[in-house]
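Step one of this worksheet: look at the structure below.
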Amino acid sequence: MTSAQRESAERERRAPRARGEMRTLIVGAGVAGLTLTALLRQRGREPVLVHRAESFDELGYMLGLYHLGSRVLHGLDLFEAARERAVLMRRYEIYDGDGRLLHGYDLEELTRRFGSPLGISRPSHMEILLERVGRENVRTGTTVQALEQGDGEVRVRLSDGTSGTFDLVVAADGLHSDTRGLILDEDEHAYGEYWGAGRFVGIYPTGDGLGVFLGGPDDEIRDEGPRALLDRLRDRFRCHGSDLADVLDAVEPGDDPLFWDFHDGRSEAWRKGRVVLLGDAAAGFLPTAGIGASMAMESAAALADELSRTNDRFLEAALDLFEKRRRSRVESAQDSSRELGRMMFVGPRALAWGHDQLVKAYSLERLIRGIADLVEKPV
């Protein structure tokens, strides 16, 4: 924490506030936390935003933005900035384990109905949000050490040695949220889907490159490393004459693959008192449907909306409305991601042929029906 940030934190702690003014702490400057901060600042509010990492050098890899997320960017007047750094997704193609095309889907109808899905690198998306929020408004290298609720407020002790009193604390610190652990007594309940003996490769355009997603047996990757999985997949696709081998060749030997245990999470409670969970802290997504970022942004917009129509006195009622408004919708989208995950992976090769025949018969409408239903329903 810089001296300027420390002085600002001290002023925040001491400054009197007008009746009804909301003192808000947002924990985590990921997609959800930055989106909420930008929306609140747009409404003239000044939340305190803290982030665990010391910098934003490691911003992640890639994400897809559906109409669900694009609408939030429109509201922040950031859509064109995102469009300039992204690509429009025109087709969706599914291949079998040997690189043969099973089904190609034209996304023209989807685009006509809802707008073009965008493929963008996560660093580019985060930079857009950071530019709007202002890096100087993020207190990096800071986490919540303790929370104490009472008398209509939350007393917080932070890892940088400061403390403060807030009307609202928003935990947007990810799937493995430490803040959630401070407020909920029950253990974290996670839904895990590992791909067992199978293999998965995903190639995702992002506007400034390609994102490569490789899936394989968890134990094998841990024992031999992601590089061994890459080498085996490259050799396998080259033996079958697939162009995918050329794409895998572009993954340089010196690259450090990002290893991701293939699981998501769902919290049994979204709030306790005046502390509310947001984004992955409430419900984390598998990467299979590419909808997690859009849902996090949509949830941030819904929370900002509810906060715009309340004050500190009636805050808890607004938080209840936020959860009622979002929980079933978010968990429905999470279920769609899980269903796609089960479709993408078939372990024993004996089942692969039947799986491939089903994929050939799948219409685009059936494939994305869960997501399409969400887009067509009001938030």
Item to complete: Going by C-beta contacts inside 10 Å, put 22, 62 in order with the fewest on the left.
Response: 22, 62
Item to complete: Kindly rank 117-129, 28-40, 67-79, 143-155 from highest to lowest mean number of other beta carbons found within 10 Å of each residue.
Response: 28-40, 117-129, 67-79, 143-155
Worksheet item: Which value results when the Cα radius of gyration for the range 63-189 is divided by 2.2 N^0.38 Å?
Response: 1.50
Worksheet entry | Per-q log10 I(q)/I(0), the range 38-112, q = 0.13, 0.14, 0.15 Å⁻¹ (Debye; single scatterer per alpha-carbon; no solvent) | -0.67, -0.74, -0.81
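Values quoted throughout were computed directly from the atomic coordinates according to the rules given, and no laboratory measurement underlies them. In this text the structure is predicted, and so the values were computed from the model without any measurement. Positions of Cβ are backbone-derived with ideal geometry, glycine not excepted, and every protein chain shown enters the neighbour counts.
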